[in-house]
Amino acid sequence: MPALRGIDTSQGIKSVSIRNYAQNVASGVNEKKTGKKEKEPQLFIDPNWNENFSEKDLLECWKKYASLIERKNPRLHSILENHFPQYNGGDSFIVKLKNPTQEKELIEEKTRLFPFIKSELKNARIEMKIEYMTAEENKGENKAYTSADKFKLMLEKNPVLQKLKQQFGLDLE
């Protein structure tokens, strides 16, 4: 075997196995830290819990969970902070969202969110329903990202801008 410049080959050359790496990633091993998968604490939920709770209790619990995940999942934190649950009476509540992407985020977190809520409120029968906001509910919160969208929102507030745009031959970038 020819000698390699600058490399100590007395111990043998070690190769990197893509298969081992893929298995570690798939099993959730965090190589940078301890080499072990971090487990989330398991919350005890008594299936017989059925304590009554108020909308205030639910909101406090919701906000507490949002603050717990702020650094770990900022996208979900934003969703929870902007879409508070509406107590529906009994053991259920409704969360009104703007789009299916938000619903997907919330459903993915449900396995961690629900044990937390059930444990905090001491109610194992809690159910969440997801609905989408109506056009009227969502109208005041439209966000303009492109130049055309921003101009359209400005036109709604001040239609004279269209006349100025035409008069001066302005174009959106």
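Residue-wise test of (1) on the phi > 0 side of the Ramachandran plot; (2) over 20 Å from the mean Cα position of the chain (by Cα).
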site: G90; (1), (2): yes, yes
site: E103; (1), (2): no, no
site: E127; (1), (2): no, no
site: E136; (1), (2): no, yes
site: K152; (1), (2): no, yes
site: L155; (1), (2): no, yes
site: P159; (1), (2): no, yes
site: L164; (1), (2): no, yes
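Among the residues of segment 118-173, the ones that are loosely packed, with under 10 Cβ neighbours inside 10 Å, within 30 Å of L59 (Cα to Cα) and at pLDDT 90 or above come to 0 in all. Taking residues in segment 46-69 that are in a loop (DSSP other than H, G, I, E, B), and partners anywhere that are of a type in the set (S, T, Y), the pairs with Cβ atoms closer than 9 Å and at least 6 places apart or on different chains are W49/S119; F53/Y87; S54/Y87. Residues that are surrounded by fewer than 17 Cβ atoms within 10 Å (Cβ to Cβ), in contact with a Leu (Cβ under 8 Å, 6 or more places away or on another chain) and aromatic (F, W, Y) are absent from segment 55-70. Considering the conditions (1) closer than 19 Å to M133 by Cβ; (2) surrounded by fewer than 16 Cβ atoms within 10 Å (Cβ to Cβ), E108 is excluded by exactly one of them, (1). Annotation: of all residues in segment 70-88 being free of Cβ contacts under 8 Å to residues at least 12 places away in the same chain and part of a loop (DSSP other than H, G, I, E, B), the one that is nearest to L58 (Cα to Cα) is E70.
The values are calculated or read from the model by the stated rules, or taken from the named source; none is laboratory data. Bear in mind that the values here come from a model prediction, so they are computed numbers and not experimental data. Here the Cβ is made from the backbone with ideal geometry for all residues, glycine too, and neighbour counts use every protein chain on show.
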